[in-house]
Amino acid sequence: SQQGEEDPQALSIQEGENATMNCSYKTSINNLQWYRQNSGRGLVHLILIRSNEREKHSGRLRVTLDTSKKSSSLLITASRAADTASYFCATAISGGSYIPTFGRGTSLIVHP
Amino acid sequence: NAGVTQTPKFRVLKTGQSMTLLCAQDMNHEYMYWYRQDPGMGLRLIHYSVGEGTTAKGEVPDGYNVSRLKKQNFLLGLESAAPSQTSVYFCASSTYSETQYFGPGTRLLVL
């Protein structure tokens, strides 16, 4: 079973708009990672946020983590056509071996 | 520093044939993983390893075997390929509680 699930499954916006996608998970985590995958390509790591962190930024990306709600969000500001991709969250349960599990992803389309 | 590499990039098999996928990392990572990705399913963990000489089953291990004889290499074997194993296979490595680094993937088609 998949620990994390992204929402929405698909998102279509215009260039310049902000894109927000969410990840919900079921059990306490060690950390949460966001990845991007362009069609037919490998996974590119975006941000890792630890369970004791609430927010992280990287360029146009902002990730928040709410451990009380067991959820995270990824915000992409001022989207570009090049941001068109699938976005995945991966959560690693706290304790024991480090085994990140992935959700099904959000497919983002940014129209020029 | 090549990161994580996978061999081969693409392979076509007939049902019942066997093959081995090779993953290599040059970052001295303890953890290595094999995932498969199918349309609409995200990545599912097949097997993983927490160190040289160790392996463990993931979410979908049936039909696959793995070995980690050297710290830098993680091999995924298909003893008797089935059409249900048509997928894209990704290898990853990491240290504990840190970023996973992924290889470029291997596309496998089983006819």
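The values are calculated or read from the model by the stated rules, or taken from the named source; none is laboratory data. This one's a predicted model, so the numbers in the text were calculated from it and none came from an experiment. All Cβ positions, even for glycine, are placed from backbone atoms using ideal geometry, and neighbour counts span all protein chains on display. Calculation scope for accessible area: heavy atoms of the full protein, side chains included, ligands and nucleic acids excluded. Shrake-Rupley method; radii C 1.70, N 1.55, O 1.52, S 1.80 Å.
One table, with the values for the structure above:
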quantity: Residue under evaluation A:Gly42, criteria (1) open to solvent by less than 50 Å² (accessible area, probe 1.4 Å); (2) more than 14 Å from every other protein chain (Cβ to nearest Cβ); (3) without any contact (Cβ under 8 Å) to a residue 60 or more places away in the chain, criterion not met; calculated: (2)
quantity: Selected residue (only one of B:Gly105, B:Gly40 is within 12 Å of chain A (Cβ to nearest Cβ), at pLDDT below 95 and closer than 18 Å to A:Phe102 by Cβ); calculated: B:Gly40
quantity: Strands (runs of 3 or more DSSP E) within the range A:25-112 that include 3 or more residues hydrophobic (A, V, I, L, M, F, W, C); calculated: A:29-37, A:43-50, A:61-66, A:71-76, A:85-93, A:106-111
quantity: Residue within the range B:72-80 that is away from chain A (no Cβ under 14 Å), without any contact (Cβ under 8 Å) to a residue 40 or more places away in the chain and over 24 Å from A:Asn31 (Cα atoms) present; calculated: no
quantity: Some residue of the range B:50-60 being of a type in the set (S, T, N, Q), open to solvent by less than 40 Å² (accessible area, probe 1.4 Å), modelled with pLDDT of 95 or more and in contact with a Ser or Thr (Cβ under 8 Å, 6 or more places away or on another chain); calculated: no
quantity: Residue that is nearest to the chain's Cα centre (by Cα), among those in the range A:86-112 that are within 14 Å of another protein chain (Cβ to nearest Cβ) and of a type in the set (A, V, I, L, M); calculated: A:Ala90
quantity: Of residues in the range B:61-77 being more than 16 Å from B:Thr5 (Cβ to Cβ) and not charged (D, E, K, R), the one surrounded by the most Cβ atoms within 10 Å (Cβ to Cβ); calculated: B:Val66
